[in-house]
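These notes are about the structure you will find just below.
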Amino acid sequence: MRITLKSGFLALALGQVSARTGLALNITKIPNEFSIHLNTSQHDDPCSKKEIFVRPFITDDARVVGKRYAQLETWARFDKEAGQHWIIGAYGPNKNLELTVGGVYGYQVDHDSKKTFSYALPLLQSKFLIKDYKPNKGPGYGVVVGTFLPAGQGSFKPNGYGTFGFLTVSQCLGEGEIFLFHANLGGNYLYIDGSNNSILTWGLGTQIKAYKGMHLVGEVFSGDPYIPGTGTSWQAGFRYFVSNLIQIDMTVGNGIAGDIVMPFWYTAGLRIVTEKFRKKNISSPRDRFAT
């Protein structure tokens, strides 16, 4: 099945109505969560078909999109504070590297209940896969680094310059991607008004196959690399694989603890992978739609 970027953007436009949502990007506000990375597998193993564990989940996986594969991801996130629509694209120049660029726009609910337009871009990120994971064998791991430049308007615009980085580890148990487990550990560095700040981030997540293309997903995390300042929260929902190249998901979440406790939120999103940039003599991307 071939999907062009043009059809991807059409699906994106249709998916926006039911997309996922979020909080304000301003680090002085309650943050939001969404990501990004669709990681497609590099090997035809049972764990490489659909193990996509990406935004709107915060906990990332040890997968990359794949050599010369491209991914378009969009989601919306809503809570009582704001509504966000994220658009993120990723490309794999080789089998171990994934490059991502994206942005967010939406509205912030002011104190007088008035909604104010806001946006922020660009988000820049790279993920390097050190070791892939396979079912019932040792875990895979990778490194992610990136930044959200202080450009935009309104509360979504970051107050200053910041970078993030973290280590991601993934383990697959059971043939056919029955259980997937992911762990992240890293931090944010922020430079605001002449002061330097560092924030620890971590996340634990899982994806469990329920029936055919339906998967249950859940996570507990502290801090969002994209939007620093969040406390500890949980998020759970489902992920459905329409095909090896198309995936939809819906989640709900809520804050647990921290200086900033996130309000209840809900999200919906769409992810599309395209082989448009691959040569025709390269094998089909079937079974490559992974985390």
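The values are calculated or read from the model by the stated rules, or taken from the named source; none is laboratory data. Because the structure is predicted, anything quoted here is derived from the model rather than measured. As a convention, Cβ positions derive from the backbone with ideal geometry for all residues, glycine included, and neighbour counts pool all protein chains shown.
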On the given criteria, is Lys80 in a loop (DSSP other than H, G, I, E, B), among the basic types (Lys, Arg) and touching a residue at least 60 places away in the same chain (Cβ under 8 Å)?
-> yes
In segment 105-122, is there at least one residue being crowded, with 24+ Cβ neighbours inside 10 Å, assigned to a strand (DSSP E or B) and touching a residue at least 24 places away in the same chain (Cβ under 8 Å)?
-> yes
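State whether the residues of segment 281-291 include one that is assigned to a loop (DSSP other than H, G, I, E, B), modelled with pLDDT of 90 or more and surrounded by fewer than 19 Cβ atoms within 10 Å (Cβ to Cβ).
Of segment 281-291, the ones assigned to a loop (DSSP other than H, G, I, E, B) are 281-291.
Subsequent filtering for residues that are modelled with pLDDT of 90 or more retains none.
No: zero hits.
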Residues (polar (S, T, N, Q), assigned to a strand (DSSP E or B) and buried (at least 21 other Cβ atoms within 10 Å of the Cβ)) located in segment 210-240 = Ser233, Gln235
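Could you list, in sequence order, all residues of segment 86-101 that are over 19 Å from Ile246 (Cα atoms) and of a type outside the set (Val, Ile, Thr)? So that I can check it myself, show each step before the final result.
From segment 86-101, those over 19 Å from Ile246 (Cα atoms) are 93-97, 99, 101; that's our starting set.
Pro93, Asn94, Lys95, Asn96, Leu97, Leu99, listed by residue number.
Pull up segment 167-180, narrow it to residues that are outside any strand (DSSP E or B) and not charged (D, E, K, R), then point me to the one that is farthest from the chain's Cα centre (by Cα).
Quick first cut of segment 167-180, residues outside any strand (DSSP E or B) only: 174-178.
Going one step further and asking which of them are not charged (D, E, K, R), we end up with 174, 176, 178.
Working: Gly174: 24, Gly176: 23, Ile178: 21 Å.
My answer is Gly174.
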Please work out if Val64 is within 13 Å of the chain's Cα centre (by Cα) and either outside any strand (DSSP E or B) or on the phi > 0 side of the Ramachandran plot (or both).
-> yes
Single residue of segment 123-161 satisfying the filter (surrounded by fewer than 18 Cβ atoms within 10 Å (Cβ to Cβ) and among the hydrophobic types (A, V, I, L, M, F, W, C)) that is farthest from Asp79 (Cα to Cα) = Ile130
Just a yes or no: is a residue in segment 49-69 farther than 23 Å from Gly205 by Cβ and of a type in the set (A, V, I, L, M)?
-> no
Go through segment 261-279 and count every residue that is under 19 Å from the mean Cα position of the chain (by Cα) and either in a strand (DSSP E or B) or surrounded by 15 or more Cβ atoms within 10 Å (Cβ to Cβ) (or both).
-> 11
Scanning segment 181-199 for residues that are out of contact with any Leu (no Cβ under 8 Å at 6 or more places or on another chain) and either assigned to a strand (DSSP E or B) or among the β-branched types (Val, Ile, Thr) (or both), the one surrounded by the fewest Cβ atoms within 10 Å (Cβ to Cβ) turns out to be Ser195
